[in-house]
Each structure stands twice: as structure tokens, then as C-alpha cells.
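S.K.: Just passing along the structure, written as C-alpha cells.
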Amino acid sequence: MMTAEDFLELAERIAREAGAMLLAERPARPEVLATKSSPTDVVTALDRASEELIRARIKEVRPDDAILGEEGGATGEGRVRWVVDPIDGTVNFLYGVPEWAVSIAVEVDGEVVAGVVNIVPRGEVFTASRGGGAWLAGERLRCNSGVPLEQALIATGFGYEPGRRAVQAEVLAHVLPRVRDIRRGGSAASDLCALAAGRVDGYYERGPQDWDYAAGGFIATEAGARLGGLHGKPCNPGLTLCAAPGLFEELHDLLAPLDPERDA
Ligand code: IPD
């Protein structure tokens with residue numbers, strides 16, 4: 001069996017290649033090919049091309065592994081599963097906002113062992129392997145700790161459906177007066193890496209799927225953060241919460257009574 005470091009090396013190589021392809025191929029204004037959960041939840045040809053490239057590269061080396069990708073869904077079975085977001089932050093990609101990422105995580109027996117988030121327009125490649133820490137450009141990352149809720153800079157994001165957004169706005173109206181400020185970057189993977197690097201203190205969002213948080217969430221935990229859902233659950237599309245221990249609990253206790261997993 002390959003080690004976590006071996007998986008990370010392979011995942012990083014593939015995420016860098018997909019990122020380079022996306023940078024080279026991105027037209028000035030990418031065309032929307034299809035929409036998903038709402039007219040503003042878009043897919044471009046390059047989301048698909050990136051996922052196809054990533055799947056092909058994985059299969060060359062690991063033909064029997066399972067893959068879960070945002071565009072291609074779940075394929076294969078096996079102890080090893082690759083969780084792939086070919087472009088996280090597709091709306092940023094569409095508009096040319098330099099905050100979109102290729103995100104790849106590798107799970108063995110359901111546990112993430114390696115993660116890479118390539119924030120392509122910024123040339124920042126965040127990596128982590130189980131027990132090996134989180135890294136950016138040769139520097140080991142530590143998330144901020146000891147930050148009280150009222151001093152915390154909190155990243156969040158919003159879904160694509162109007163009903164869900166109305167609830168998210170209601171929740172945000174309770175959170176905003178209680179924290180330092182809010183950031184909405186447009187890529188969950190990038191938000192979680194920002195947390196790992198101490199650029200924000202906490203993150204919460206209703207809606208992100210496995211492919212959005214698998215690699216970034218793992219990188220944040222390897223940088224010392226706690227990652228989870230509400231009421232002791234693991235993080236899940238209902239709610240993803242991440243912060244250093246202490247702030248995690250404060251943020252949890254602020255959010256839980258607001259019932260943020262509602263959609264209308
Ligand atoms: C989205 C981004 C965004 C978050 C949404 C996600 P996509 O992923 O991560 O920041 O707020 O919940 O769906 O659609 O750009 O891959």
C-alpha cells in the first residue's frame with residue numbers, strides 16, 4: 001500500500017497539472033455550459049475538462065481506486081477513494097476573480113490521508129498528509145488559536161438556491177454583530193486553507209459537499225483546527241464548521257440555536 005506521503009505526492013502532481021491546464025486554457029470570459037441546482041450554479045467546459053484530466057491521471061497509476069468528483073459523480077469501489085473538485089469557486093473562475101482552486105483529497109478506508117488545494121491564480125498550493133502537518137511553500141501552517149468569538153474573522157459562503165440563501169442571510173444577521181467581521185471568498189476549499197494559514201479564524205457554511213471540504217478541511221485539521229458539524233456530528237452538507245478548539249465550540253453554540261441546517 002502506498003503511504004500518505006506517496007498519495008500526497010501523486011495528488012499534488014495531478015492538482016498542479018490540472019491547474020496549469022486551466023490557466024492556459026481559460027478564455028477571457030468562460031462560457032457557461034450547463035446549470036445545476038439553480039440558474040446561477042454553473043458548469044463550464046473547463047470544469048469538465050479538469051475533472052477528466054484528473055480522473056485519467058489517477059487511473060493511469062491507480063486503476064482500481066474509487067473516485068468521487070463534482071462533475072462525474074461516484075465511480076469505482078475500493079479501500080482508496082479520491083475526492084475531487086476540478087474547480088472550486090466556479091463563479092470566481094467565470095468572472096476572473098483570482099480565488100478558485102483545484103481540490104483533491106485521498107481517503108483510505110474512509111479517512112482522509114492526503115489533501116491538496118491548488119489556488120491556481122495565486123500560485124498557492126496547500127498540502128497536508130496525515131500526521132505530517134499542513135504546508136504552503138515550504139512553511140508549516142498553524143491556524144490561529146486563543147481568539148475569542150467577538151475578535152474572530154469568520155469566513156462563510158452561500159448556496160445557490162434562493163430558499164437556502166434566505167435562511168443563510170437570517171443566520172448571518174445573528175452572527176455578524178457577534179464577530180470581528182465576515183469574509184465571503186467564493187471557494188470553500190480556499191476558505192479552509194485560509195483558516196489553516198491564519199488568514200481567517202473560523203469558517204462555517206451550510207451546503208458544501210464532500211468535494212468542497214475534503215482536502216481543505218483536512219489541511220485545516222493538520223494545521224490544528226477542529227472540523228465538524230452540529231451537535232458532535234462530523235462535517236456534512238448540513239453544516240461544516242471549522243476553527244481552533246475553543247472558538248469552534250463558541251461558534252457552534254452561536255449557530256446551533258439558529259437551526260442553520262434549514263432550507264426555508
Ligand atoms: C462552491 C464554493 C462556494 C460555496 C458553495 C460551493 P463550486 O463550490 O465552494 O464558496 O459557497 O457552497 O458550492 O460550485 O464553485 O464548486
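Please treat every number below as a calculation from the coordinates, not as lab data. For clarity, every value in this text was computed on a predicted model and none was experimentally measured. Methodologically, a virtual Cβ is constructed for each residue, glycine included, from the backbone with ideal geometry; neighbour enumeration extends over all protein chains shown.
S.K.: Using the crude model of +1 on Lys and Arg Cβ and -1 on Asp and Glu Cβ, and no other charge, please compute the dipole size for the chain relative to its Cα centre, in debye to 20. Could you put the intermediate results ahead of the total?
M.R.: Details: 27 positive and 41 negative charges, 91 e Å.
With only Lys, Arg, Asp and Glu charged at Cβ, the dipole is about 440 debye.
S.K.: Same structure again: Mark the label point 7 Å from the Cα of Glu124 along Cα→Cβ and return the residues of the range 166-183 whose backbone N is within less than 11 Å of it.
M.R.: none
S.K.: Cα axis of helix 45-61 to longest principal axis of the chain: angle in degrees, 0 to 90, nearest 10?
M.R.: Tilt relative to the chain: about 60 degrees.
S.K.: Here's another thing I want to ask about it. Running a GNM on the chain with Cα contacts under 10 Å, which residue among Gly76, Gly232, Gly133 ends up with the highest mean-square fluctuation?
M.R.: Looking only at Gly76, Gly232, Gly133, the largest GNM fluctuation is found for Gly232.
S.K.: Shifting gears a bit: Give the Debye-formula value of log10 I(q)/I(0) at each listed q (0.15 Å⁻¹), with one equal scatterer per alpha carbon of the chain, two decimals each.
M.R.: -1.05
S.K.: I would also like to ask the following. Can you list the residues, at least 5 places off or on another chain, whose amide H is less than 5 Å from the amide H of Glu124, using H built in the peptide plane?
M.R.: Residues meeting the amide H criterion: Ile119.
S.K.: Under the definition of Cα pairs under 8 Å and six or more residues apart, what whole-number percent is the relative contact order of the range 213-259? Display every interim value, and only then the final one.
M.R.: On the way: 44 pairs, mean separation 13.2, N = 47.
RCO, the range 213-259: 28 percent.
S.K.: Computed on alpha carbon atoms, what radius of gyration and Dmax characterise the range 56-212, expressed in Å?
M.R.: Both quantities, over Cα of the range 56-212: 16.7, 51 Å.
S.K.: Using 0.36 nm times the number of residues separating Val61 and Ala45, minus their current alpha carbon distance, what extension gain do you get? Please list the in-between numbers first.
M.R.: Working: separation 16, 0.36 × 16 = 5.76 nm, distance 2.51 nm.
Gain on extension, Val61 to Ala45, equals 3.2 nm.
S.K.: So, one more: Semi-axes, largest first, in whole Å: what does sqrt of 5 times each Cα gyration tensor eigenvalue give for the range 1-134?
M.R.: 25, 16, 12
S.K.: If each DSSP helix of 4+ residues adds -39,500 (n - 2.57) and the sum is divided by the residues in the chain, what number results at 222 nm, nearest 500 deg cm²/dmol? All intermediate terms of the calculation are to be shown ahead of the outcome.
M.R.: On the way: 7 runs with 90 residues, N = 264.
-11000 deg cm²/dmol, from helical runs alone.
S.K.: In what sequence do Thr90, Thr127 fall when counting other Cβ within 10 Å, fewest first? Could you put the intermediate results ahead of the total?
M.R.: On the way: Thr90 23, Thr127 26.
The order, fewest Cβ neighbours first, is Thr90, Thr127.
S.K.: What ranking of Val84, Val200 emerges when the number of other C-beta atoms within 10 Å of each C-beta is taken as an exposure proxy, fewest first? List each step's numbers first, then the result.
M.R.: Values: Val84 30, Val200 26.
Listed from fewest to most nearby Cβ atoms, that is Val200, Val84.
S.K.: Give me the number: length gained by fully extending Ala264 to Arg142, i.e. 0.36 nm times residue separation minus the C-alpha to C-alpha distance, one decimal in nm.
M.R.: Values: separation 122, 0.36 × 122 = 43.92 nm, distance 3.69 nm.
Separation in residues times 0.36 nm, less the Cα-Cα distance, equals 40.2 nm.
S.K.: Computed over the Cα atoms of the range 212-261, what is the ratio Rg over Rh, Rh following Kirkwood? Don't jump to the answer; show the numbers that get you there.
M.R.: On the way: Rg = 10.4 Å, Rh = 10.9 Å.
In the range 212-261, Rg relative to Rh is 0.95.
S.K.: For the range 115-155, what is the per residue volume of the convex hull drawn over the alpha-carbon atoms, in cubic angstrom? List each step's numbers first, then the result.
M.R.: On the way: hull volume 4.3 nm³, N = 41.
Spread over its residues, the Cα hull of the range 115-155 gives 106 Å³ apiece.
S.K.: While we're here: Note down the relative contact order for the range 67-118 as a percent, whole number, built from C-alpha pairs under 8 angstrom at least six residues apart. Could you put the intermediate results ahead of the total?
M.R.: Values: 94 pairs, mean separation 15.6, N = 52.
Relative contact order comes out at 30 percent.
S.K.: Just to be sure I understand: with springs between alpha-carbon atoms less than 10 Å apart, which residue in Arg55, Arg79, Arg13 has the highest mean-square fluctuation in the Gaussian network model of the chain?
M.R.: In the Gaussian network model the winner is Arg79.
S.K.: So what is the relative contact order of the chain, in percent, for Cα pairs below 8 Å that sit 6 or more residues apart?
M.R.: Numbers: 601 pairs, mean separation 44.3, N = 264.
Relative CO of the chain lands at 17 percent.
S.K.: In whole Hz, with x marking every Gly and Pro, tabulate ³J(HN,Hα) for the range 94-100 from phi via Karplus 6.51 cos²θ - 1.76 cosθ + 1.60, θ = phi - 60°.
M.R.: 4, 8, x, 7, x, 9, 9
S.K.: Given q = 0.19, 0.22, 0.28 Å⁻¹, what are the Debye log10 I(q)/I(0) values for the range 23-101, with equal point scatterers placed on the Cα positions and solvent ignored?
M.R.: Debye curve over Cα of the range 23-101, log10 I(q)/I(0) at q = 0.19, 0.22, 0.28 Å⁻¹: -0.82, -0.99, -1.34.
S.K.: Return one number: the angle in degrees, 0 to 90 and rounded to the nearest 10, between the long axis of the Cα atoms of helix 4-25 and the longest principal axis of the Cα atoms of the chain.
M.R.: In the chain, helix 4-25 runs at an angle near 90 degrees to the longest axis.
S.K.: Here is a further query. Along the charge dipole of the range 25-176, pointing to its positive end and built from +1/-1 on Cβ of Lys, Arg, Asp and Glu, which listed residue (Val32, Phe158, Thr127) has its Cα farthest out?
M.R.: Value: Thr127.
S.K.: How much length would be gained if the chain were fully extended between Ala28 and Leu176, taking 0.36 nm per residue of separation minus their Cα-Cα distance, in nm to one decimal? If you can, show how the numbers build up before the last one.
M.R.: On the way: separation 148, 0.36 × 148 = 53.28 nm, distance 3.52 nm.
Contour length minus the Cα-Cα distance gives 49.8 nm.
S.K.: Now for a different question. Between 0 and 90 degrees, rounded to the nearest ten: what's the tilt of helix 162-175 against the longest Cα principal axis of the chain?
M.R.: Value to nearest ten degrees: 50.
S.K.: Also, I was wondering about something else. Could you identify which residue out of Ala220, Ala66, Ala134 has the top mean-square fluctuation in a GNM of the chain using Cα springs shorter than 10 Å?
M.R.: Result: Ala66 has the largest fluctuation of those listed.
S.K.: In nanometres, what is the gap between the two model label sites at Ser37 and Glu17, each 7 Å from Cα along Cα-to-Cβ?
M.R.: Spacing of the two 7 Å Cα→Cβ label points: 3.1 nm.
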